[in-house]
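Trainee: Below are the structure tokens for one structure; questions will follow.
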Amino acid sequence: MATNTLDPGLLSYKVTELAPDHRNTALGLITAAGLLMATLTQPIVGALSDRTTSRWGRRVPFFIFGTLSAVACLFAVALAPSLGLLLLGFVAYEVAANTAQAPWQALLPDQVPSSRRGAASGLKTVFEILAFIAGRRTAGYLIADGEILASVAVAGLVFLLSMILTSFSAREPLVANEPEKATRNHLNDLGFTGQNVWPPGFGWWFLNRALFWGGLIALSSFVLFYLVDVIGMTFAQASRFFGDLSLALGLSLVAVALPAGWLSDRIGRRPLILISCLVAIAGNVLLLAARTRPALILAGGTLGLAAGIYLSTNWALATDLVPRSRAARFLGIANMATAGGSFLARFAGGTLIDPINRLTGSASAGYLSLYGLTLIGFLVATLAILRLPQSAFSRTPDNR
């Protein structure tokens, strides 16, 4: 919920306030910098978590520290008086939030057998969607009314409650590390060197995840400014409408997340991931053509349907692929695909939209150029999942 309060609602408000003539560029580059730090943070923290021993287990200490730091950073972003401090606050937030996320996401392979991970990933996705709906809708309305600190206070409170619940309910048993065949060094601990760095099929999974997630982020990150520049809304109108649009998107996600995860446990991950990619292509095409509120809601609902299927099944496949004793490390590397795709999306939007709009004298050309690139990304993501070897779907990670 905290991330969905920050992005795009609060950050869009802040860059409009601090850099109104270059708001797409500022938003894109600031968020890209934060995501670059997220890309680096997760595998490092994940590797440290895998090797940690404490009375609270391997995961919870990092989760507590990251959560408390992230809440403080939320207020730093809201109160930032300049672009430089806004950048610093957001980068610090990404480091803190990913310090919490890296061990948290490893709890699924730690505690759930592979035969039930699709359903568990579906349940995880439902709660993420509820946070998406609550964060974006609440932030949209509070920010539209000028209640900036109230929006981050609500998000921070939810973050703290999740920390408390997780800390007391998810204390996992210790898992012994796998023996190493070669002398350890720091890069080996992070999973970047040595033999068999990537589990079979992990490279194609990584490409699919980076492109699919990057497409979703690019489509959603600049939509507030798209509503203002192309559709003709005021920022307050766009903020409220975006809250409503997020509700439509979230309901589509909720409707399919649990069924998709359950179904993937029975028929496999690949068919559902492939379907989600094709539905995302359809939603992207609809968004390119949308110029009215009903058309935008239809496009958002279609993309939500794709995301709901994808998030439940794709992450379940990742947990199938990674060795359990090094789950946080490899899932941290896996999340580099998520953060890396987000980084490319923000960077592309930040460097394309405003310059192309100025060059063409059009309010829409930059946005349409970006959304054309996301369509290509979804197409390549579809090809990547088709290239995933069958061995990736027949592994038994619980026995490794």
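The values are calculated or read from the model by the stated rules, or taken from the named source; none is laboratory data. Keep in mind that this is a model prediction, so the values were computed, not measured. Here the Cβ positions follow ideal geometry from the backbone for every residue, glycine too, while neighbour counts run over all protein chains shown. Calculation scope for accessible area: heavy atoms of the full protein, side chains included, ligands and nucleic acids excluded. Shrake-Rupley method; radii C 1.70, N 1.55, O 1.52, S 1.80 Å.
Trainee: Just tell me, in residue order, which DSSP H segments of the chain are both 30 angstrom or longer along the helix axis (alpha-carbon based) and at least -1.0 in mean Kyte-Doolittle hydropathy.
Mentor: 23-50, 83-105, 117-144, 148-169, 235-267, 269-289, 293-321, 327-360, 365-387
Trainee: Here is a follow-up. For the chain, modelled as a GNM with alpha-carbon contacts under 10 angstrom, which of Q101, Q237, Q42 fluctuates the most?
Mentor: Maximum fluctuation in the GNM of the chain, among the listed residues, is at Q237.
Trainee: Here's something else I'd like to know. Whole percent per 10 Å bin, from 0 to the bin with the longest distance: what is P(r) over all C-alpha pairs of the chain?
Mentor: 5, 23, 35, 25, 10, 2, 0
Trainee: Right, something else. For segment 247-351, what size does the Cα cloud have along each of its three principal axes, sorted from largest down, in whole Å?
Mentor: If we take the Cα atoms of segment 247-351, the spans are 50, 38, 22 Å.
Trainee: Considering the dipole of segment 1-117 built from charges on the beta carbon (Lys and Arg +1, Asp and Glu -1) around the Cα centre, which of F63, M37, L18 is farthest to its positive end?
Mentor: Comparing the listed Cα positions along the dipole, F63 ranks first.
Trainee: Extension gain R55-E17, at 0.36 nm per residue separation less the Cα-Cα distance, in nm?
Mentor: Values: separation 38, 0.36 × 38 = 13.68 nm, distance 4.65 nm.
Stretched out fully, the R55 to E17 stretch lengthens by 9.0 nm.
Trainee: I need two numbers for segment 1-121: Rg to one decimal and Dmax as a whole number, Cα atoms only, in Å.
Mentor: My reading of the Cα-based Rg and Dmax gives 16.6, 52 Å.
Trainee: Calculated FRET efficiency, T360 and L85, Cβ-Cβ r, R0 35 Å, to nearest 0.05?
Mentor: Working: r = 33 Å, r/R0 = 0.95.
In this case the efficiency is close to 0.55.
Trainee: Let me ask something else. Using a 1.4 Å probe, what is the accessible area per residue for the chain, in Å²?
Mentor: Per residue, the chain has an accessible area of 39 Å².
Trainee: Okay, next question. Please report, in debye to the nearest 20, how large the charge dipole of the chain is about its Cα centre when each Lys and Arg carries +1 at its beta carbon and each Asp and Glu carries -1 there.
Mentor: Values: 29 positive and 19 negative charges, 186 e Å.
The dipole of the chain has a size of about 900 debye.
Trainee: Where in segment 274-296 is the amide nitrogen less than 17 Å from a point lying 7 Å along the Cα-to-Cβ axis of Q237?
Mentor: 291-296
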